[in-house]
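Let me begin by presenting the structure, written as structure tokens, before commenting on it.
The values are calculated or read from the model by the stated rules, or taken from the named source; none is laboratory data. Computed from a predicted structure; not experimentally measured. No Cβ is skipped: glycine too gets one built from the backbone with ideal geometry, and neighbour counts run over all protein chains shown. The area values use the complete protein model at the heavy-atom level, side chains included, leaving out ligands, DNA and RNA. Shrake-Rupley method; radii C 1.70, N 1.55, O 1.52, S 1.80 Å.
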4 protein chains.
Amino acid sequence: MRIRILVTGGTFDKQYDELTGRLFFRDTHVQQMLARGRCRLDVAIETVMMVDSLELDDAGRERIVERCRSSTEHAIIVTHGTDTMVDTARAIAEANLSDRTVVLTGAMVPYAFGSSDGLFNLGSALSFAQVLAPGVYVAMNGQYFPWNKVRKNRASGIFEATE
Amino acid sequence: MRIRILVTGGTFDKQYDELTGRLFFRDTHVQQMLARGRCRLDVAIETVMMVDSLELDDAGRERIVERCRSSTEHAIIVTHGTDTMVDTARAIAEANLSDRTVVLTGAMVPYAFGSSDGLFNLGSALSFAQVLAPGVYVAMNGQYFPWNKVRKNRASGIFEATE
Amino acid sequence: MRIRILVTGGTFDKQYDELTGRLFFRDTHVQQMLARGRCRLDVAIETVMMVDSLELDDAGRERIVERCRSSTEHAIIVTHGTDTMVDTARAIAEANLSDRTVVLTGAMVPYAFGSSDGLFNLGSALSFAQVLAPGVYVAMNGQYFPWNKVRKNRASGIFEATE
Amino acid sequence: MRIRILVTGGTFDKQYDELTGRLFFRDTHVQQMLARGRCRLDVAIETVMMVDSLELDDAGRERIVERCRSSTEHAIIVTHGTDTMVDTARAIAEANLSDRTVVLTGAMVPYAFGSSDGLFNLGSALSFAQVLAPGVYVAMNGQYFPWNKVRKNRASGIFEATE
């Protein structure tokens, strides 16, 4: 079983530019995260874009959906900024890719900073992607949520089940 | 759904004694790992023992089995040294706890050291424990293995499927 | 010999706000840095302000000078953003505190991030402050510079000697 | 001014062997420490040996003295295990290298582990080496000690002034 990882940026992959003092994107950290996790899964990593999810518009979201649709792997991880992760999950769900298990995940703190939750979340998302039935899910905070049963609580930074 | 985490020690929880220069056990790091992962699962953490798994004998293994048997939670994580993780998995499986999903996990590098795989593995094990059917499993290297289909390759440090 | 550490903020002490995704100041990290360095010097830590040094104006600079002047310790460290560190060094020098050794230092990467130069710089600055003759110095990149013989190269992020 | 760094091993450079679970030496971490510190000093790094200082005998100590004697640089850092650092300092002092400033330093926790004091100590030692008068010194805990005025307190792990 091979898993496709679609990288879209988000806090996950932000790093610190020591000349400007700003956070920015360069390359994804997913490879080094998998190496640290001693991950032995067969994965294909594909960088779709490197953006802050607040800047992701419909066209960008459509590109992510398109990459899910054309993936030859049936288990797909999407690394994504947390702010609009649920919106992208919905866009993917509405594409009705009925034979795919798509798991979106991200981080509250950049992996490049010492105290990131990213490694925990990536381990979690990869595991859910192997065993959940086809569908679109968000994996954050050690939990998984169907795409239409979750929201991010902006005040606490936590993903919560709805209704 | 509540998950019980049974802590038994292993590399996961080793730390460096700066006065003697040796590795030793004090308290488990599981709480701080869950905090770093922003984990919101309902978990009960129970330290059964703090040992190097090479020093774990039948009596010790029986204590771990006993704690799995008496757990009121049906999803159980056992943090364990990697060297004899498969042996403990077998001991638990032979106890025929037919309604429990038990997932053993560990680390190749102590969590207290910067470069540990522990956070990845814990995220992975917690995820598998929520969705796998009752049974006993090892979760390492991003994968899960039924207890009787896995061995640790001592030369590479990697868990491999057996036929 | 007692050393006064005047904290003014700068990259040194920036941290990541996981709710907003922005860098901000809360408390200084100097205490935990000294603890990590197993520092046994007698130090008095005083937070003068917590600002990005690009936002430091003449009034703010005058407050720092004033804290140097009223310090009962003759060895003084000022932690400071790198962008205007040389300007503050000049302001302190122009106050003619002839019996004080004042060493300004900072970091290119926040201490809270894994890869910071802050701990190295703090060890360096504390050492120079113990042995340099009275005067005002910048300690960065493992070196010390008299206040009027140094500039920050903005393109490289490195402090260089001027003639 | 060029500084010679003589590497002899010690806790500074220990790392974790994930196959055996033991601490061991491979290459020195001094280069990457200098890179993290954005150090711009002109340094020559020379690995004399990679040993636990408890295993260092008179012959080994003589090799370190010999490397100090034949150094063309007059400022010398010796990275060294803390347990017998003072013994090696004495051996170097007894060689009467009257035009050299030799500073021994080390760490209580390996640099490869997250929480090491090594970076602080290296920044400190490099700074003292630039400004102290010729002589032999130990730089630990943010302080410097003449070779004959210091001992390691084994119970606390701290270097203390004697008499």
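Hey, if you put +1 on the Cβ of every Lys and Arg and -1 on every Asp and Glu Cβ in the stretch A:1-56, which of A:Ala44, A:Leu23, A:Leu56 ends up farthest toward the positive end of that dipole?
The residue sitting most towards the positive pole is A:Ala44.
If R0 is 45 Å, what FRET efficiency do you get for A:Arg2 and B:Arg69 from their C-beta distance, rounded to 0.05?
0.75
Please compute how much accessible surface disappears when D pairs with C, both sides summed, using a 1.4 Å probe, and round it to the nearest 100 Å².
Separately minus together, D and C give about 2400 Å² buried.
For the pair C:Asp87/D:Ser115, report the inter-label distance in nm, with labels modelled 7 Å from Cα in the Cβ direction.
Here the answer is 4.0 nm between the modelled labels.
Suppose you put the label 7 Å out from Cα in the Cβ direction; list, shortest first and in nm with one decimal, how far C:Leu19 is from each other copy's label.
Those separations, rounded to one decimal, come out as 3.5, 4.2, 4.9 nm.
Rg to Rh for the stretch C:22-163: what is it, with Cα atoms only and Rh by Kirkwood?
Expressed as Rg/Rh, it is 0.92.
Place a point 7 Å from the Cα of C:Thr20 along the Cα-to-Cβ direction; which residues of the stretch A:4-26 have their backbone N under 15 Å from it?
Hits in the stretch A:4-26 for C:Thr20 at 15 Å: A:23.
Are there any trypsin sites (Lys or Arg not before Pro) in the stretch A:22-73 that are in a DSSP loop and have at most 13 other Cβ atoms within 10 Å? List them by number.
When the trypsin sites (Lys or Arg not before Pro) of the stretch A:22-73 are filtered for loop state and at most 13 Cβ neighbours within 10 Å, A:Arg26 remain.
Cα centroids of the stretch A:3-25 and the stretch D:57-81: how far apart, whole angstrom?
Spelled out, the Cα-based centre of one part sits 44 Å from the other.
Determine the dipole magnitude for the protein assembly as shown: charges of +1 sit on the beta-carbon of Lys and Arg, -1 on that of Asp and Glu, nothing else is charged, the reference point is the Cα centre, and the result goes in debye to the nearest 20.
0 debye
Would you mind checking the pairs C:Lys14/C:Lys152; C:Lys152/D:Lys14; A:Lys14/A:Lys152; A:Lys14/C:Lys14 and listing those with alpha carbons more than 24 angstrom apart?
C:Lys152/D:Lys14
Can you find, among A:Phe113, A:Val78, A:Ala125, the residue sitting farthest towards the positive end of the charge dipole of chain A, where Lys and Arg contribute +1 and Asp and Glu -1 at Cβ?
Comparing the listed Cα positions along the dipole, A:Ala125 ranks first.
If you count, for every residue in B:99-110, the Cβ atoms of partner chains within 10 Å of its Cβ, what is the mean?
So the per-residue partner count for this stretch is 2.
How large is log10 I(q)/I(0) at q = 0.05, 0.09, 0.11, 0.12 Å⁻¹ when the Debye formula is applied to the Cα atoms of the protein assembly as shown, each weighted equally and without solvent?
Log10 I(q)/I(0), no solvent term: -0.27, -0.82, -1.11, -1.21.
Using a 1.4 Å probe over the heavy atoms of the protein chains, calculate the carbon and sulfur portion of the accessible area of the stretch D:27-105 as a whole percent.
41 percent
Shortest first, in nm, what separates the label point of B:Ala155 from those of the same position in the other copies (7 Å along Cα→Cβ)?
5.1, 5.3, 5.9
Checking the a/c ratio against 1.5 first, then a/b against b/c, what shape does the Cα gyration tensor give for the stretch B:1-78?
Verdict is oblate for the stretch B:1-78.
Roughly how many debye, to the nearest 20, is the charge dipole of the stretch C:30-163 about its Cα centre, given +1 on each Lys and Arg Cβ, -1 on each Asp and Glu Cβ, and no other charges?
400 debye
List the residues of the stretch A:1-47 for which accessible area in the full set of protein chains is at least 40 Å² lower than for the chain on its own; 1.4 Å probe, protein heavy atoms only.
Listed in order, they are A:Tyr16, A:Glu18, A:Leu19, A:Leu23, A:Arg36, A:Gly37, A:Arg38, A:Arg40.
Quick check for you: with a 1.4 Å probe and neighbouring chains kept, what is the accessible area per residue of the protein assembly as shown, in Å²?
39 Å²
Is any helix in chain B, taking whole DSSP H runs, at least 15 angstrom long along its axis by alpha carbon and on average at least 0.5 on the Kyte-Doolittle scale, and which ones?
Long hydrophobic helices here: B:118-131.
Only four residue types carry charge here, +1 at the Cβ of Lys and Arg and -1 at the Cβ of Asp and Glu. Report the dipole size of the stretch B:24-109 about the Cα centre in Debye, rounded to the nearest 20.
Computed charge dipole of the stretch B:24-109: roughly 460 debye.
Where does chain D land at 222 nm, in deg cm²/dmol rounded to the nearest 500, when only DSSP H runs of n ≥ 4 count, each adding -39500 (n - 2.57), divided by all residues?
Using -39500 (n - 2.57) per qualifying helix, the result is -7500 deg cm²/dmol.
In whole Å, how far is the Cα centre of the stretch B:117-163 from that of the stretch D:89-139?
46 Å
When you count, for each residue, the other Cβ atoms within 10 Å and take the mean per peptide, how do C:70-78, D:133-141 rank with the highest first?
Descending mean neighbour count gives D:133-141, C:70-78.
Name the chain B residue with the Cβ nearest the axis that maps B onto C: which is it, and what is the distance in angstrom?
B:Gly114, 4
Given labels modelled 7 Å from the Cα in the Cβ direction, how far is it in nm from B:Asn96 to A:Glu46?
Computed distance between label sites B:Asn96 and A:Glu46 equals 4.9 nm.
Rounded to the nearest 5, what is the percent of antiparallel bridges among the DSSP beta bridges in the protein assembly as shown?
Of all bridge pairs located within the protein assembly as shown, approximately 35 percent are antiparallel.
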